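These notes concern the structure reproduced below.
The values are calculated or read from the model by the stated rules, or taken from the named source; none is laboratory data. Being a predicted model, the structure only gives us computed values, none of them experimental. Cβ: placed from backbone, ideal geometry, glycine included. Neighbour counts: every protein chain shown.
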Amino acid sequence: MRDSEYDLITLEATQEGLAVVTLNRPDVHNAFNAELIAELTDAFHTIADQRTIRMMILRGAGKSFSAGADLNWMKLAAMHTRDDNERDAMNLAEMLRALYEMPQMTLALVQGAAMGGGAGLVAACDVAVAMKGTKFRFSEVRLGLTPATISPYVIEAIGPRWAKALFTTAETFDADYAERLGLVQYVVETEADMTAMEEHLADLVFAAAPGAVADSKALVRDVSGVFIDKDLSHDTSKRIAARRASEEGKEGIAAFLDKRPPSWGK
């Protein structure tokens, strides 16, 4: 995983198992275009395949996290055929799904603005921390469009009723409002606070078993919205039984009983 592989993002990884992906188009507020989407997709797949990576941080260089779609990219899209536009949209949808399905814990650090697809990136991450004053908006209806590709992640994050309200009004809202909705989990006042929260969350993740983290993420995806019946009870029972019998499960219990750190701890 080398920085030189990309032009519009950077990817850095530490020996401890932390990967940092930075949107690196600060001159256009990290707006999306086809190349940026392709690079993010590649980076997310690359990180997902690295089992030594325990956590991924997603951030934006400069004043903004991401302003959403690049204006020049949108101009080109207006001249494309419907099939061309569908391929373009599918690339964006696949990038978001690659982020959402990563086995590692994913953390968005958000400042300035997260508009449209930028807010979709926030919603697709497991945890988001926003700087106070950050602006969010789902702008698509103002352009005669809909936030279709980001909708599954936003609806999961904030619920269908709030999604309808914000999708249909394109209202701008701030970080405090985003926290109340559930789009972000934490709001911080300063850069120092952001760093402290980043370090706190990393400490929590690195104290957890990586396989259990991946299985917990899959558990939420698979159980959310499912009718609670005997079949679901059977499924969840099989999942915890598999975890108890796993090497991580055995090591975690043994470490707890021995009053020592588990093998995956710092």
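Counting only residues that are surrounded by fewer than 22 Cβ atoms within 10 Å (Cβ to Cβ), in contact with a helix residue (DSSP H, G or I) (Cβ under 7 Å, 6 or more places away or on another chain) and among the basic types (Lys, Arg), the range 1-50 holds 0 of them.
For the range 147-160, the set of residues classified as buried (at least 18 other Cβ atoms within 10 Å of the Cβ) and not in a helix (DSSP H, G or I) consists of PRO147, THR149, ILE150, listed by residue number. Here the condition is being buried (at least 24 other Cβ atoms within 10 Å of the Cβ), more than 17 Å from MET55 (Cα to Cα), out of contact with any His (no Cβ under 9 Å at 6 or more places or on another chain) and not β-branched (Val, Ile, Thr); of GLY133, GLY144, GLY117, it holds for GLY117 alone. Remark: ALA123 falls outside the filter, which requires a residue to be touching a residue at least 12 places away in the same chain (Cβ under 8 Å), touching an Asp or Glu at 6+ places or on another chain (Cβ under 8 Å) and farther than 23 Å from ALA43 by Cβ.
Residues in the range 186-209 that are closer than 24 Å to ASP176 by Cβ and either in contact with an Asp or Glu (Cβ under 8 Å, 6 or more places away or on another chain) or outside any helix (DSSP H, G or I) (or both): TYR186, VAL187, VAL188, GLU189, THR190.
Please find, within the range 87-108, the residue that is farthest from MET194 (Cα to Cα) out of those that are of a type in the set (S, T, N, Q) and at pLDDT 95 or above. Residue satisfying both the conditions and the ranking: GLN104.
When the range 185-225 is filtered for residues that are out of contact with any strand residue (DSSP E or B) (no Cβ under 8 Å at 6 or more places or on another chain), farther than 18 Å from GLN104 by Cβ and surrounded by 15 or more Cβ atoms within 10 Å (Cβ to Cβ), only ASP193 remains.
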